[in-house]
Structure formats: structure tokens, C-alpha cells
Amino acid sequence: MLAAVAAAAARYPYAVAVATADHSVTYRELWRGSNALARGLSEGGVGPKDRVGILCRNSPMFVHALLGVAKLGADIVLLNTAMGPAQLAEVIAGEKLMTVLHDDDFGAALSPIDGVWAVGATQIQAMLHSHPKMGLAPPRRDSRLVILTSGTTGRPKGATRSSRSSSVDGIAALLHLVPYRLRDTTVIAAPFFHGWGLGNLLIGLGLSATVLTAPEFDAAHTLSLVSEHRARALVVVPTMLQRICALPPTHLARADTDNLRIIASSGSALPGRLATGVLNRFGPVLYNVYGSTEVAVATIATPADLRRAPTTAGRRALGVRVEILDGHGQSAANATVGRIFVASSARFDGYTNGHSKEVLNGLMSTGDMGYFDEHGRLFVVGREDDMIVSGGENVYPSEIEELLSSDERIAEAAVVGIDDDRFGQALKAVIVVAPNRHVDVQELKELIARQLAKFKVPRIFEFVDALPRNATGKILRRQLI
């Protein structure tokens, strides 16, 4: 990370590195500013043995903080900016943070937490100008990077990896199939604090790109960034892509996307109808990446893969083993659903609580269920703990959700299991109806019974304005039960 930015600062000192609508920094300013921030933090007592949290939205400030802490050799914990005060305090205590660099508006949430030096954006800006041209000796140790898991099933866990090897092989796997280029202009809408947004930020810095972003996602603004700056790459999570495609047709038609060659999506499942719609609207530019914070990149679906099989998670990435294992830990045959395991040199070092993911024969569990087809394409059917057992039958919510979402009257759908005295669990469908459309429940029941099976027809249908999601677009299923 540091070497890549140093090289960019030497070769392209006046090129814009990271920019929002209100603030931009060149590679020289980024390098010198992070030197100054490191000195300011060091004078405040932060050293190589410390753990520093970063609570910043997408902005040049986030990148300054990331590089400044790395130059001290301190461990970096990326905090989710969507967390409420109580969860934030719990995570800070659990990760044993003594210093947190933050956007100014988080000050009120951090001030009650004892023993934490909260360094706001105003103070960071002062540090950036305190030693603007002074060099800095290399750190005595490499920082470790801690990314929080999604936390859809409890308190987020810290997943650790060394900064020097932080997904270098995972990045190489992406570069093998996704056509990033030197000095691209890239719009990153995905949050930097998450592995997907961070990985693409590091790719951008490594390729001396100009990264355009925004503190908060807005579909119209994101599309305007792509259009006005003739961006070559756009990095999103599927819900962001869905909102862009839901913009008024006249808005989409006005956007200049002729230079766009990459729409890279990851972080949650990509609906098949959305994949096809993006390919039809923007051309063969969509790449769907499957992986996790723990295993890094596992599979990549190219535009050709998605055109042939819109719901696929793609094929094995370069240098990565992906296997489907049955209940006995043996490899499952093609088209047989089993547990997804991955072996990669880019996988994480373990959780900060001392635990790790299950490992069998050198392969690490992703926690997902899926299968390979005869062409080597992976299909993910859902999380292991999302599987619903109703009346002795195994039901995977994703197949019902995909069928419902393929109906143009339905904007989004989620299926969960609820307690049932007779069947153990019964199915409940939670549906967001598309604007100005009407849905008849009996029609939906008949559609599911006809296309799938009678035992896969939900007993309860609930209609809501929006599905609860986390910052990366994953559905918070517990809130639907």
C-alpha cells in the first residue's frame, strides 16, 4: 500500500489521487499529508504497538488516515460508519482501540467513551499542515489491517490481515479478469471501510488512478460522476446498482457512459434480472465478484458469464481453489448443493477474538451454500444458517427470492423462516412492490407452486416499503422474522 502510493507520488505528483465534490488531493499532497499526520499522531503518543480506529466516510480524509496510521506501523481497524453509538462503543471496547480518527460529526458518539483519544477531522486537518514537507522514517513493523465482518448475525467481528499482504493475491486475481488500467478514472461508490471498497481503493492507488467518491451514496450523483468525468470504472454493491438502474429513463439516457468499461459489483447477491438489465443498458461491462472478508476473492463472473447465466457468481479466480463439500467433508458432484470452501493465499489471518473460520483440508468455509454447473460456474444459493427446514424439506430462500424478483411488479423480495408448531418452520415472504404496480398474493402463490414446488410456497406474504440492509446491501434477515 505505502510503496504503491510512494511510486504514484514520484511518477504523477500532480495527478488527482482521491476526490469528492468538496475536496481533492494529488498524490504528492496525499504522501506529504500522511507523513504530517503520522508525525502528529506520534507526538500524541500513538506508536507501532497501538490499535487505531478509522471512522471516516469515503473521502480524501479516510485515505490520509489510512496511510498516516500505516506509516506508524500501528494496527488499523476500519469502523463501519453506519453503526449506532451503542454498537460503536461495544466494537471499540472489543477491539481495544485507544485512538479513533473520525469525521467531525461522530464526535458526540465518541465523547462518552472513556480512555479513547478521538481525533476529529478538524484536528486531522491541522496535523496535515503541521509538517507538510518533512520526511518520515519507515515504520519498524508492518501494520495489520482489521476489517469488520458484516455483522448480520450479531456483533461484527474483526478480521485481521497484514497490510503488506492485504489481499495482494486477491487483487492479482481481480486484475487477471477485470480490465483495470494504469491512470484510469474510477468511481468508487462502495464504502471504503468494507473489504470490497477498500480493495478497489488500493487497486486504484496502485495503478495511480484518479478515484472519485462521495461520503454518502446517491444514485443520481454517482451516475453524474461517471458521466461528467468519463470514468472508465464504477465500483458498487448490488443495491447501489439497482438504485442507479431505477433512475428515470430520461436521466439514464442523458448520462454519457460511452467510456465505461467496468462495472464491478460485489458485497451481496446480484439478482439475475438486475444483471441482465445492466448488460442491456450499459453493454458488456458488468463483473460480479464473489468472496468474503475472510477468504478474499473466490470467483469472478465476466460479462459473458452473466449473459449466459445471470445468477452465477462466476468461475474460480486465478490462484484460488473453490470446492463444494458435502456433509461428510467430501467433494460434491456438479449440480449438487453443498458447503462452499475456498483456499487462497489472500485469506485472512483470523479474528481478533482468537477464533477463525472452519478449515477442512486447507480449505476455509465461506458460510455459504452453492453448487457448480457443468461449465465450472458457481451458483450461491444462500447462507448455511439461512436454509429453512419446513416439514422435513430443505428450502433455500434465494431460489424463491430470485423467482419473485424476476416479476417486473416486484422491486425486491426476501424469504425467511418463522417458527411453526406443525412444520418446525414456515416460509414468510417480505416484498417491496415496484412503483405504481399491484401484486395479487394468490397469483404469487400459484407462480411459486408452478415454477418450483408447493412446499416452497410461503404461508405469509408481507408488503413493506424497503428491506432492511446493512452498509454493503446485505439483507438483515433477523429483522424480518
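Numerical summary
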item: Residue in the range 411-421 that is open to solvent by 20 Å² or more (accessible area, probe 1.4 Å), without any contact (Cβ under 8 Å) to a residue 24 or more places away in the chain and out of contact with any strand residue (DSSP E or B) (no Cβ under 8 Å at 6 or more places or on another chain) present; result: yes
item: Residues located in the range 106-129, provided they are surrounded by 13 or more Cβ atoms within 10 Å (Cβ to Cβ), without any contact (Cβ under 8 Å) to a residue 60 or more places away in the chain and either touching a strand residue (DSSP E or B) at 6+ places or on another chain (Cβ under 8 Å) or under 29 Å from residue 351 (Cα atoms) (or both); result: 106, 107, 109, 110, 113, 116, 118, 120
item: Residues of the range 168-202 classified as under 16 Å from residue 12 (Cα atoms) and part of a helix (DSSP H, G or I), total; result: 0
item: Qualifying position, being over 16 Å from the mean Cα position of the chain (by Cα), crowded, with 23+ Cβ neighbours inside 10 Å and more than 26 Å from residue 10 (Cβ to Cβ), among 226, 211; result: 226
item: Options 352, 366; residue that is at negative phi and in contact with a Gly (Cβ under 7 Å, 6 or more places away or on another chain); result: 352
item: Residue satisfying condition, being under 26 Å from the mean Cα position of the chain (by Cα) and farther than 29 Å from residue 468 by Cα, within set 14, 27; result: 27
item: Leading residue by the ranking (surrounded by the fewest Cβ atoms within 10 Å (Cβ to Cβ)) among those in the range 238-284 that are among the charged types (D, E, K, R) and assigned to a helix (DSSP H, G or I); result: 254
item: Residue match in the range 244-260 (condition: within 16 Å of residue 398 (Cβ to Cβ) and either more than 21 Å from the chain's Cα centre (by Cα) or in contact (Cβ under 8 Å) with a residue 60 or more places away in the chain (or both)); result: no
item: Filter result (among the hydroxyl-bearing types (Ser, Thr, Tyr) and not in a strand (DSSP E or B)) within the range 285-321; result: 293, 302, 311, 312
item: Lone unmet requirement of (1) over 21 Å from residue 31 (Cα atoms); (2) modelled with pLDDT of 95 or more; (3) in contact with a Leu (Cβ under 9 Å, 6 or more places away or on another chain); (4) of a type outside the set (S, T, N, Q) for residue 120; result: (1)
item: Condition met for residue 30 (open to solvent by less than 30 Å² (accessible area, probe 1.4 Å), free of Cβ contacts under 8 Å to residues at least 60 places away in the same chain and assigned to a helix (DSSP H, G or I)); result: yes
item: Index of the failed condition, residue 94 passing every other in (1) touching a Leu at 6+ places or on another chain (Cβ under 9 Å); (2) surrounded by fewer than 17 Cβ atoms within 10 Å (Cβ to Cβ); (3) among the small types (Gly, Ala, Ser); result: (1)
item: Checking residue 83 against (1) modelled with pLDDT under 95; (2) over 26 Å from the mean Cα position of the chain (by Cα), the condition it does not meet; result: (2)
item: Test: residue in the range 240-251 that is among the polar types (S, T, N, Q) and either touching a Lys or Arg at 6+ places or on another chain (Cβ under 6 Å) or closer than 26 Å to residue 364 by Cα (or both); result: no
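For every residue, the table says whether it meets (1) touching a residue at least 40 places away in the same chain (Cβ under 8 Å); (2) surrounded by fewer than 20 Cβ atoms within 10 Å (Cβ to Cβ).
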residue	(1), (2)
360	no, yes
385	yes, yes
395	yes, no
423	no, yes
430	yes, no
433	no, yes
440	no, yes
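The values are calculated or read from the model by the stated rules, or taken from the named source; none is laboratory data. The structure displayed is predicted, hence computed values, not measured ones. Reconstructed Cβ throughout: ideal geometry from the backbone, glycine too, with neighbour counts over all protein chains shown. Just the protein is used for accessible areas: all its heavy atoms, side chains included, with ligands, DNA and RNA removed. Shrake-Rupley method; radii C 1.70, N 1.55, O 1.52, S 1.80 Å.
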